[in-house]
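Only one structure is covered here, and it is reproduced in the block below.
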Amino acid sequence: MLPNRSLLVPYAAPYFLYVFIASVGGTLVPMEVNYLLRIIVVSCTLLWAKRWFFSLQGPKSPYISAFVGILVGIVGLMLWISLLTPFVSVEEGKAWSRSAFVLRLLSAGFLVPVFEEVFMRGFVFRFALQWDEARRNKEKDALGIAMDERSVKEVAPGAWSWAAVIISTIVFALGHTMPEWPAAVAYGLLMAGLYIVRKDLVSCIVAHSVTNITLAIYVFNTGKWYLW
């Protein structure tokens with residue numbers, strides 16, 4: 001079984017490619033082209049990387065996990081709106097063109113939840129757990145052991161520690177802008193809790209997708225573009 005050092009690139013590449021295209025391409029090409037590039041490049045990278053992923057399903061029913069994910073996704077929407085609103089300005093939001101909105105909706109609703117949950121809860125969470133276990137066992141080089149002698153594929157579904165919850169939540173929050181940090185921390189904790197309870201990534205991906213899609217619909221219908 002491949003160690004975490006070998007698994008890091010497949011698990012992280014889709015996430016960082018998306019961030020790179022978003023940060024660099026936005027100033028070079030129209031937003032529609034930027035999102036189209038993200039969808040194409042990151043989708044292809046996910047297809048390439050999926051051979052190294054562990055199963056998104058756990059020991060529980062994936063259908064119930066999907067249903068629970070829908071409910072939790074709605075809770076996540078309410079959390080996100082309530083915790084983001086105090087930290088953003090109404091003047092910051094500008095309406096998107098219809099085509100840009102559709103492409104962003106497709107990206108945020110069906111692509112981002114997959115690569116973000118696979119990386120954050122699939123790799124970062126499990127890797128942090130293995131590091132924490134090595135640290136608590138008083139191993140001299142806990143980080144090196146977690147990197148070179150452990151594989152996230154070995155972690156039992158739903159296994160957790162507070163260190164894994166905290167570290168994965170911090171990493172998740174750092175992937176968002178500063179005004180989003182309170183909402184991102186709360187959402188990261190929500191997803192970690194969902195993963196622990198349902199013991200799979202199906203529930204997390206569905207929840208993340210529901211939150212992003214309903215947020216887009218809410219913003220479009222209310223004109224509160226500053227929340228998106």
The number of residues in segment 22-46 that are part of a helix (DSSP H, G or I) and either under 17 Å from the mean Cα position of the chain (by Cα) or not hydrophobic (A, V, I, L, M, F, W, C) (or both) is 12
Restricting attention to segment 115-154, the residues that are free of Cβ contacts under 8 Å to residues at least 60 places away in the same chain and within 21 Å of the chain's Cα centre (by Cα) number exactly 5
Going through segment 74-133 in order, the residues found to be of a type in the set (D, E, K, R) and surrounded by 17 or more Cβ atoms within 10 Å (Cβ to Cβ) are Arg104, Glu116, Glu117, Arg121, Arg126, Asp132, Glu133
Of everything in segment 54-107 that's among the aromatic types (Phe, Trp, Tyr) and in a helix (DSSP H, G or I), which residue is nearest to Ile39 (Cα to Cα)?
Phe101
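Quick note: the coordinates plus some simple rules give every number you see, no bench work behind them. The model shown is predicted, which means the values in this text are computed figures rather than measured ones. Reconstructed Cβ throughout: ideal geometry from the backbone, glycine too, with neighbour counts over all protein chains shown.
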